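Structure first, commentary second.
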Amino acid sequence: MLPSYKYDRVKKKDASVAAIEHVENDCILGVGTGSTVNHFIKCLGHSGKRPRIIVATSKQSERLLQLEGFDCSVLSNMKRPVLDIYIDGADEVDPRLNLIKGGGGALTSEKIILNCAEKFVCIVDESKLVTRLGKFGLPIEVIAAAIPSIRAFIDVNYGGVARERPGFITEHGNPIIDVSGLDIDQPEFMERELNQIPGVVTVGIFSNQKPAVCIVGCDSGVKELFSEEIV
Ligand code: 5RP
């Protein structure tokens, strides 16, 4: 019999269905942004589970959540900004569950909301798994006036090429540069160093806030990768 190959969108959906298991009724839920999360939101709508509070990382996710009958809150309305769980996709996942995120441009809200979560469940299709981060252009949200100096720093220190994302402004009113040609072998160091450049708002490396579990949609179903198992 010929092996069956699933499309990435089916794998994203499989990972989303599996993620519903991690969502408790009445929980406080953070919801990321992107095509995988869009599947998750639909699955949540069909699941019958009703989080007490949902905080979304973008207008796009908020709109979809509303279509599924959920109201969204914002961190500033919460007495204690603590979420039980945060669900989001990623552009790349390395074997230690360091991530690149920001392909959808919501990286700043994603880092802020993830930072308030007790547990992060990442949902991806298997095309996102890499041995080393950097093939996907690294998104960095920046203050527009700092683009030339940030670009020069990255060129001199990392040999990467930073291009402004054409026609794109984040919900916080800033441009994004996507940096190609990087070989990210020390994600923690690089996240810290890039974060310190004046004018950088958010770096799309997520190495401080790793997922507790990464649910990966594969041809054979789903597999779960756990950060605590990685030494
Ligand atoms: C948005 C993100 C997304 O999680 C990331 O781009 C993955 O997107 P998709 O699920 O569409 O592949 O970081 O800012």
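Couple of notes before you dig in:
- Output for segment 73-91, where each listed residue is among the β-branched types (Val, Ile, Thr) and within 16 Å of the ligand (Cβ to nearest atom): ILE85, ILE87
- Screening the candidates ARG80, ARG96 for the property of being of a type in the set (Lys, Arg), assigned to a loop (DSSP other than H, G, I, E, B) and under 19 Å from PRO211 (Cα atoms) yields one hit, ARG96.
- Filter result for PHE70 (in a loop (DSSP other than H, G, I, E, B) and either outside the structural domain of GLU188 (by TED's automatic domain parsing) or away from the ligand (no atom under 16 Å from the Cβ) (or both)): yes
- Beta carbons closer than 6 Å, at least 6 apart along the sequence or on distinct chains, pair a first residue in segment 6-18 that is under 16 Å from LEU129 (Cβ atoms) with a second that is within 10 Å of the ligand (Cβ to nearest atom) for ASP8/ASP125; ASP8/SER127; LYS11/ASP125; LYS12/THR36; LYS12/HIS39; LYS12/ASP125; ALA15/ILE123.
- ASP94, sole failed condition from (1) crowded, with 16+ Cβ neighbours inside 10 Å; (2) within 12 Å of the ligand (Cβ to nearest atom): (2)
- Residue count, segment 189-231 (criterion: part of a loop (DSSP other than H, G, I, E, B) and either touching a residue at least 40 places away in the same chain (Cβ under 8 Å) or among the hydroxyl-bearing types (Ser, Thr, Tyr) (or both)): 12
- Here LEU182 passes the criteria (1) surrounded by fewer than 18 Cβ atoms within 10 Å (Cβ to Cβ); (2) over 18 Å from the mean Cα position of the chain (by Cα); (3) part of a loop (DSSP other than H, G, I, E, B); (4) not β-branched (Val, Ile, Thr) except the one numbered (1).
- Filtering segment 113-139 to residues that are farther than 18 Å from SER35 by Cα and away from the ligand (no atom under 12 Å from the Cβ) leaves ASN115, CYS116, ALA117, GLU118, LYS119, VAL130, THR131, ARG132, LEU133, GLY134, LYS135.
- Every residue from segment 39-59 that is of a type outside the set (Lys, Arg), within 13 Å of the ligand (Cβ to nearest atom) and farther than 14 Å from LYS11 by Cβ: ILE41, ALA56, THR57, SER58
The values are calculated or read from the model by the stated rules, or taken from the named source; none is laboratory data. Just so we're clear, the structure is a prediction, and the values are computed from it rather than from any experiment. Ideal geometry is used to build each Cβ from the backbone, glycine not excepted, and the neighbour counts take in all protein chains shown.
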